[in-house]
1. Go through (1) touching a residue at least 24 places away in the same chain (Cβ under 8 Å); (2) farther than 19 Å from M17 by Cα; (3) buried (at least 20 other Cβ atoms within 10 Å of the Cβ); (4) not aliphatic (A, V, I, L, M) and name the single condition R174 misses.
2. Quick one: is L236 closer than 16 Å to S21 by Cβ and part of a loop (DSSP other than H, G, I, E, B)?
3. Condition test on G42, is it free of Cβ contacts under 8 Å to residues at least 40 places away in the same chain and over 18 Å from the mean Cα position of the chain (by Cα)?
4. Test L119 against the stated conditions and say whether it is more than 25 Å from T208 (Cα to Cα), free of Cβ contacts under 8 Å to residues at least 60 places away in the same chain, of a type outside the set (S, T, N, Q) and not in a loop (DSSP other than H, G, I, E, B).
5. Restricting attention to segment 133-159, which residues are surrounded by 20 or more Cβ atoms within 10 Å (Cβ to Cβ), of a type in the set (G, A, S) and over 23 Å from Q103 (Cα atoms)?
6. Taking only segment 187-210 into account, find how many residues are of a type in the set (A, V, I, L, M), surrounded by 14 or more Cβ atoms within 10 Å (Cβ to Cβ) and not in a loop (DSSP other than H, G, I, E, B).
7. What pairs can you find where one residue is in segment 4-33 and of a type in the set (S, T, Y), the other is part of a strand (DSSP E or B), and their Cβ atoms are less than 7 Å apart, with a gap of 6+ or different chains?
8. For segment 211-233, name all the residues that are in a loop (DSSP other than H, G, I, E, B) and within 18 Å of I146 (Cα to Cα).
Amino acid sequence: MEIKGKKAVVVGGASGMARSSAEQLAAKGASVSILDLASSAGDEVAKSLGGSFFPVDVTDWEGAEQALAGAVEAMGGLHIAVNTAGGGIAKRTLTKEGPHPLQDFQKVIDLNLVATFNLNRLQASHMSKNEPEDGERGVIIDTASIAAFEGQIGQVAYTAAKAGIAGMTFTMARDLGSLGIRVLTIAPSLFSTGLTEGIPDEYADVLTKDAAFPKRMGRPEEYGRLAVAIVETPMLNGSTIRLDAGQRFAPK
């Protein structure tokens, strides 16, 4: 898909990998709307890109639908969606205090998996109204983690949520293929965003020692470059792409 002139929504776009994606899409000529928490720098980022900001808590299902609809109305359509909102907790399945609290597990599933699917189904609906360009109407990019494939001790909820995102990618691509809508997922390793941003180099070295190359944290712009490449390459569809420098998480 040619990016210039297209309309893009970036969920979580106020910072990190999503912000870099928004910036690179805008630099390629897309109109960009940022969806992120009201407490984020979303408004500032959107203004810097000449776009719009819509505050949202992705676990507010109706609120997310309204925010997305507002973004689509403001831009006059939707062709590209990048979804990165998520997070996790550190709890084992069973500890000395007892079993993993079910409510905590459910919250992580809601934040990552259910919220992503809710946005995807709505984004696809908006994209389906587009006039096709070489048969293509839209591109949806979701975010998992390499934890989906080799989660560490204490990541059982996060692993389940991210594995769910990876697992639904191919099926959703099949569901939407007749409409000309592609679906892909990026599964990053450790990136310099959020809680990991600014950690000491010596600690980062320990966390990335099992990577093949490069042995460092990922950079937000590397996620953004992959997102752009996905949009621009129609033959990419239905896959979960590891962005991990050849790293495999150790048990802990």
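The values are calculated or read from the model by the stated rules, or taken from the named source; none is laboratory data. Quantities reported herein were computed from a predicted structural model and do not represent experimental measurements. For neighbour counting, all protein chains shown are included, and Cβ atoms are generated from backbone atoms with ideal geometry for every residue, glycine included.
1. In the conditions (1) touching a residue at least 24 places away in the same chain (Cβ under 8 Å); (2) farther than 19 Å from M17 by Cα; (3) buried (at least 20 other Cβ atoms within 10 Å of the Cβ); (4) not aliphatic (A, V, I, L, M), R174 misses (3) alone.
2. Details: closer than 16 Å to S21 by Cβ: yes; part of a loop (DSSP other than H, G, I, E, B): yes.
It is true that L236 is closer than 16 Å to S21 by Cβ and part of a loop (DSSP other than H, G, I, E, B).
3. On the way: free of Cβ contacts under 8 Å to residues at least 40 places away in the same chain: yes; over 18 Å from the mean Cα position of the chain (by Cα): no.
No; evaluated as a whole, the condition is false for this residue.
4. Values: more than 25 Å from T208 (Cα to Cα): yes; free of Cβ contacts under 8 Å to residues at least 60 places away in the same chain: no; of a type outside the set (S, T, N, Q): yes; not in a loop (DSSP other than H, G, I, E, B): yes.
Answer is no for this residue.
5. Selection gives G138 alone.
6. 3
7. Sorted first by the residue in segment 4-33, then by its partner, the pairs are S21/V10; S21/V82; S31/K7; S31/A8; S33/V9; S33/S52; S33/F54.
8. Step one: of segment 211-233, the residues in a loop (DSSP other than H, G, I, E, B) are 211-217, 219, 233.
Scanning segment 211-233 gives A211, A212, F213, P214, K215, R216, M217, R219.
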